[in-house]
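Peer 1: Shown below is the structure under consideration.
The values are calculated or read from the model by the stated rules, or taken from the named source; none is laboratory data. Quick caveat, the model's predicted, so the values are computed rather than measured. Don't worry about glycine lacking a Cβ; one is built from the backbone with ideal geometry, like all the others, and counts go over all protein chains shown.
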Amino acid sequence: MAYKNLVNQSGLPLSIELVTRQGSDPSQSGATISVSLAANGKQTVEYGNNQNPYLNALVISSSANGAFANGSQIVTTRGSTWDNVLNTNNTLTFSGAGGLNVVGTNT
């Protein structure tokens, strides 16, 4: 199994969908894992398997104080900046308005 640490620095509760990839080709999306991440919360999420350890996309939603934010980013090319954020880091940190700013690090 593959694991990703999720860190919410947005100050809002987030709903996050991690979209996995079948194999290494970004055109083949796999299962979706849904996560609820509390404001300023941290969580380790298990996804994929040894044959399919890659993420292909994130869908992020938040709703608080009478406002709703929703956004998604999808990998279209292997080795792209977004592919590297999702698949070469063990931690994803969500910040900014609605948690839509995502940065990857290795911790």
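Peer 1: If I filter segment 1-58 down to residues being among the small types (Gly, Ala, Ser) and assigned to a strand (DSSP E or B), which single residue comes out as surrounded by the most Cβ atoms within 10 Å (Cβ to Cβ)? Can you show your working first?
Peer 2: If we filter segment 1-58 for residues that are among the small types (Gly, Ala, Ser), which is where we start, we get 2, 10-11, 15, 23-24, 27, 29-31, 34, 36, 38-39, 41, 48, 57.
Among the residues that remain, those that are also assigned to a strand (DSSP E or B) are: 2, 15, 29-31, 34, 36, 57.
Numbers: ALA2: 17, SER15: 15, SER29: 16, GLY30: 17, ALA31: 13, SER34: 10, SER36: 10, ALA57: 19.
Here the residue is ALA57.
Peer 1: Further question on the same structure: Just the residues that are touching a residue at least 40 places away in the same chain (Cβ under 8 Å), of a type in the set (Val, Ile, Thr), more than 16 Å from GLN28 (Cβ to Cβ) and not in a strand (DSSP E or B), please, taken from segment 62-96.
Peer 2: Hits for segment 62-96: nothing passes.
Peer 1: Moving to a separate point now. Consider segment 43-52. How many of its residues are out of contact with any Lys or Arg (no Cβ under 7 Å at 6 or more places or on another chain) and either at pLDDT below 95 or over 18 Å from GLU17 (Cβ atoms) (or both)?
Peer 2: Result for segment 43-52: 4.
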